[in-house]
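Before any comments, here is the structure.
The values are calculated or read from the model by the stated rules, or taken from the named source; none is laboratory data. These numbers come from a predicted model, not from an experiment. Heads up, the Cβs are rebuilt from the backbone with ideal geometry, glycines too, and the neighbour counts pull from every protein chain shown.
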């Protein structure tokens, strides 16, 4: 599903962000990426969504070799990958329903398909009956679940969540984590980056630790302590 082979990425001002990393993620896995700030976690996700290109090495996602991927094919690739961020990125003047529907509108789904699909996705994230609410009427955890609904409404094979609980209190953080677990049970590969040691320790999933741009640990089921 996801393969990185000796991938290196550097920036002019910041220097090396990732150095010679190799990683393989199977379909339907739930993988947690941990490490201190600046370790390279976000750069890794940007490489996987083709927001950034590596300096060297090979990246293959869902059978697509990024080396031969043309720029015009990137939007199609991104339909297979859902992304959730720490700061929600909801459209403030649209309702919950409209925020989720927008992801379908931009790929040309019909109104009939949208009206059929969006309520089902809102139910998956525990927001049934909240479609008419505005973002400012929601808690932080509810807003993050709207963002997750928007990310999965096109049924991506992979969901990447970059510090999705970073701005949330413990209760709402766990609401979000439970939604990610449910989505994973439905067969979606989930990549989660987090600083939250409690979440990592309780989930008991595969943990990949990045430090100074390198993978220093990759354990099938492990806790995490800041290195």
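When the stretch 65-84 is filtered for residues that are within 16 Å of residue 153 (Cα to Cα) and at pLDDT below 90, the ones remaining, listed by number, are 75, 76, 77, 78, 79, 80. The residues of the stretch 196-213 that are surrounded by fewer than 17 Cβ atoms within 10 Å (Cβ to Cβ) and under 14 Å from residue 43 (Cβ atoms), listed by number, are 211, 212.
Restricting the stretch 105-130 to residues that are in a loop (DSSP other than H, G, I, E, B) and touching a residue at least 40 places away in the same chain (Cβ under 8 Å) leaves a set whose member that is nearest to residue 150 (Cα to Cα) is 125. The set of residues from the stretch 189-199 being within 22 Å of residue 48 (Cα to Cα) and modelled with pLDDT under 95 comprises 193, 194, 195.
All told, residue 34 meets the bar of being under 16 Å from the mean Cα position of the chain (by Cα), farther than 26 Å from residue 155 by Cβ, surrounded by 19 or more Cβ atoms within 10 Å (Cβ to Cβ) and not assigned by TED's automatic domain parsing to the domain that holds residue 140.
For residue 100, the criteria (1) free of Cβ contacts under 8 Å to residues at least 12 places away in the same chain; (2) closer than 19 Å to residue 158 by Cβ; (3) in the same structural domain as residue 143 (by TED's automatic domain parsing) hold in every case but one, which is (1). A count restricted to the stretch 5-28 and to residues that are surrounded by fewer than 18 Cβ atoms within 10 Å (Cβ to Cβ) and touching a helix residue (DSSP H, G or I) at 6+ places or on another chain (Cβ under 8 Å) stands at 1.
Scanning the stretch 194-213 for residues that are under 11 Å from residue 33 (Cβ atoms) and in a helix (DSSP H, G or I) gives a single hit, 200. Of the residues making up the stretch 117-130, not one is modelled with pLDDT of 95 or more and farther than 19 Å from residue 183 by Cβ. Just name the residue that is modelled with the highest pLDDT out of those in the stretch 50-62 that are assigned to a loop (DSSP other than H, G, I, E, B) and surrounded by fewer than 19 Cβ atoms within 10 Å (Cβ to Cβ). Step by step, filter the stretch 50-62, then rank; the result is 55.
Residues checked against (1) in a helix (DSSP H, G or I); (2) touching a helix residue (DSSP H, G or I) at 6+ places or on another chain (Cβ under 9 Å); (3) surrounded by fewer than 15 Cβ atoms within 10 Å (Cβ to Cβ):
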residue	(1), (2), (3)
159	no, yes, no
179	yes, yes, no
192	no, yes, no
215	no, no, no
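Just checking, does the stretch 167-181 include any residue being modelled with pLDDT of 95 or more and in contact with a strand residue (DSSP E or B) (Cβ under 7 Å, 6 or more places away or on another chain)? Yes, the conditions are met somewhere in the stretch 167-181. Of everything in the stretch 80-118, what is surrounded by fewer than 16 Cβ atoms within 10 Å (Cβ to Cβ), farther than 27 Å from residue 48 by Cα and touching a helix residue (DSSP H, G or I) at 6+ places or on another chain (Cβ under 8 Å)? Give them in sequence order. 92, 94, 113 - these are the residues of the stretch 80-118 that are surrounded by fewer than 16 Cβ atoms within 10 Å (Cβ to Cβ), farther than 27 Å from residue 48 by Cα and touching a helix residue (DSSP H, G or I) at 6+ places or on another chain (Cβ under 8 Å).
Scanning the stretch 14-49 for residues being touching a strand residue (DSSP E or B) at 6+ places or on another chain (Cβ under 9 Å), assigned to a strand (DSSP E or B) and on the phi > 0 side of the Ramachandran plot gives a total of 1.
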